[in-house]
Amino acid sequence: MDQVLDILRAAGEPSRLRILAILDHGELTIGELTYVLRQSQPRVSRHVRLLADAGLLHRYPEGSWVFCRLERRGEVGTLLSQILQHVAGGAGVMQADLARLNDIRQERQSRASQYFTDNASNWSDVQALYVPETEIETRMVEHFPALAVECLLDLGTGTGRMLECFGARAEEAIGFDLNTQMLALARARISEAGLVNCQVRQGDIAALSVPSASADLVILHQVMHFLDNPELVMREAGRVLRTGGRLLIADFASHSKEWLRDEHAHRRLGFSNDEIAEWLELNDLALLHTEHMVNKSVRDGLEVVLWVAEKHRAV
């Protein structure tokens, strides 16, 4: 009862309820919440702290940013979901909040799209600055499903490198990306490789045009640190995977190189093992393997992590 009362007291204030409703659409930084609520940063930070103290959200400091994310697990997550059902799609203030949230998302997408367009022709060179791709690909091969792969999905396919590497191992392989220039390069790449079983499609990787439980393997290769909401993409990966299907994630470990945000449109400065494990658990995915790889050829380089997960088998 005490916990329920703490939750209701924390949520039962207009600004804090607005924060919870906004975060129901995905994680945001304190600065972004300040823009949406049209309030001062100290005031928003105080509301966030009270909500975090009540266990309704988590704060994740990352460089000069602090990301805020709702608690979606356990009894707290269930109660919070029930509360937010009553404010979803509200009029007036809530609609204005959602409109400003959409402004933030469009600005992010525009910036990322422009970056990808400007760097599409030398994308492989840009990747090589941060991580030894051949080493990652070798490790990924080791965790490729032993059984036949009917359907492989590469989310955020970029230039189609993952399709080029692994497409021949599947009966059908589909790469999804929003950027048309990247997709043009990917099409040329898989055509040159003679991969007639591979295709690329323009689409939002957080809302795939793919039936549930239809994929044997999903790949997220060096894409999550660009994403507006990596949690939603992880949820989508869990949805499309068949029972026993595998998810291969290759991305950066947590780091402090904030210049990557300004110069290379990185939204997230890598991910911790705990953060990935939490997302996997929420989406019925069991972590099978974690491997850390250091770029020894670059001084003070970035650490890359390979996370391998499997869709829970039916009991």
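The values are calculated or read from the model by the stated rules, or taken from the named source; none is laboratory data. Keep in mind it's a predicted model, so treat the numbers as computed, not measured. Here the Cβ is made from the backbone with ideal geometry for all residues, glycine too, and neighbour counts use every protein chain on show. To get the accessible areas, we keep the full protein, side chains included, count just its heavy atoms, and leave off ligands, DNA and RNA. Shrake-Rupley method; radii C 1.70, N 1.55, O 1.52, S 1.80 Å.
Looking at Val305, Val240 in this structure, which one is at pLDDT 95 or above, of a type in the set (Val, Ile, Thr), more than 19 Å from Ile136 (Cβ to Cβ) and buried (at least 17 other Cβ atoms within 10 Å of the Cβ)?
Just a single option satisfies the conditions, and that option is Val240.
Which condition breaks for Glu32 when tested against (1) surrounded by fewer than 20 Cβ atoms within 10 Å (Cβ to Cβ); (2) at pLDDT 90 or above; (3) of a type outside the set (Gly, Ala, Ser); (4) within 24 Å of the chain's Cα centre (by Cα)?
Answer for Glu32: the failing condition is (1).
Do we find that Leu232 is buried (at least 20 other Cβ atoms within 10 Å of the Cβ) and outside any loop (DSSP other than H, G, I, E, B) in this structure?
Judged against the criteria, Leu232 is not a match.
List every residue pair whose Cβ atoms lie under 6 Å apart, where the two residues are 6 or more positions apart in sequence or sit on different chains, the first residue falls within region 47-63 and is part of a loop (DSSP other than H, G, I, E, B), and the second residue, located anywhere, is open to solvent by 50 Å² or more (accessible area, probe 1.4 Å).
Ala54/Asp6; Gly63/Ser256; Gly63/Glu258
Within region 35-53, take every residue that is open to solvent by less than 40 Å² (accessible area, probe 1.4 Å) and touching a Lys or Arg at 6+ places or on another chain (Cβ under 9 Å) and give me the one that is nearest to Glu107 (Cα to Cα).
Within region 35-53, the match that is nearest to Glu107 (Cα to Cα) is Val36.
Where the second residue is assigned to a strand (DSSP E or B) and of a type in the set (Asp, Glu) and the first is under 15 Å from Met140 (Cα atoms) and lies in region 282-302, which pairs have Cβ atoms under 9 Å and are six or more apart or on separate chains?
Leu287/Glu310; Leu288/Glu310; His292/Glu303; Met293/Glu303
For region 168-179, how many residues meet the condition of being in contact with a Cys (Cβ under 8 Å, 6 or more places away or on another chain) and either more than 29 Å from Thr243 (Cβ to Cβ) or buried (at least 23 other Cβ atoms within 10 Å of the Cβ) (or both)?
Going through region 168-179 one residue at a time, the tally reaches 4.
For Asn179, work out the one condition from (1) in contact with a Ser or Thr (Cβ under 8 Å, 6 or more places away or on another chain); (2) farther than 19 Å from Met224 by Cβ; (3) touching a residue at least 60 places away in the same chain (Cβ under 8 Å) it doesn't fulfil.
It is condition (2) that Asn179 fails.
Just need a number here: residues in region 1-29 that are free of Cβ contacts under 8 Å to residues at least 40 places away in the same chain, part of a loop (DSSP other than H, G, I, E, B) and either acidic (Asp, Glu) or open to solvent by less than 10 Å² (accessible area, probe 1.4 Å) (or both).
1
From the list Met182, Met162, Met140, which one is more than 22 Å from Val304 (Cα to Cα), part of a helix (DSSP H, G or I) and open to solvent by less than 10 Å² (accessible area, probe 1.4 Å)?
Testing whether each residue is more than 22 Å from Val304 (Cα to Cα), part of a helix (DSSP H, G or I) and open to solvent by less than 10 Å² (accessible area, probe 1.4 Å) leaves just Met182.
Does Val76 satisfy the condition of being assigned to a helix (DSSP H, G or I), more than 26 Å from Phe271 (Cα to Cα) and out of contact with any Ser or Thr (no Cβ under 8 Å at 6 or more places or on another chain)?
no
Looking only at region 251-278, count every residue that is open to solvent by less than 20 Å² (accessible area, probe 1.4 Å), in a helix (DSSP H, G or I) and under 17 Å from Val233 (Cα atoms) and tell me the total.
Selection size over region 251-278: 2.
Quickly run through region 89-106 and pick out the residues that are more than 20 Å from Asp228 (Cβ to Cβ) and either of a type in the set (A, V, I, L, M) or surrounded by 12 or more Cβ atoms within 10 Å (Cβ to Cβ) (or both).
Passing the criteria: Gly90, Ala91, Val93, Met94, Ala96.
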